[in-house]
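Below you'll find the structure, written out as structure tokens, and then a few comments.
Bear in mind that the values in this text are calculations on the coordinates, not laboratory data. Computed from a prediction, not measured in an experiment: that's the story for all the values here.
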Amino acid sequence: MEELFNHYAAAFDGLKPELIAALYRLPCAISDADGVQVFTDTTSLLSKFTKNCDSLRNLGYQKALFNILSVEPLGQKELLVHVGWRVHTINSAIDFRALYICHHIAQDWFIYSANVYPGTFGHI
């Protein structure tokens, strides 16, 4: 899981929507400040992350740190992962949490669903 979220944080750090979207499997679902959305195609998922990256750029985004709080197997190739995030901007650090369901496909892990919610960077 560490590798998946290292890639995810690096994609956000580069403000690269195509790299962020590539870490999701389709169809996928995301619940965050933009509302609850289901994506069935790459174009709509890429559009969502392009808007997110534009917003982050406008906030003075600098970097994201993550803290994997827990991992729970859901089956042979699925995991439930709680992550604490700390996003640094020019003016502040923003903490939140996310609950991910991740799927193992071929040799790699992908995000199937993401539910972002208020919380701290630290322990559960």
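How much length is gained on full extension from H82 to H7, taking 0.36 nm per residue of separation minus their Cα-Cα distance?
So the chain would gain 25.4 nm between H82 and H7.
Below 18 Å, Cα to Cα, which aspartates and glutamates can K77 reach? Residues fewer than 8 away in the same chain don't count.
E2, E3, D108
Under the Kirkwood approximation applied to all pairs of distinct alpha-carbon atoms, what is the hydrodynamic radius of segment 1-108 in Å?
For segment 1-108, inverting the mean 1/r across all distinct Cα pairs yields 14.6 Å.
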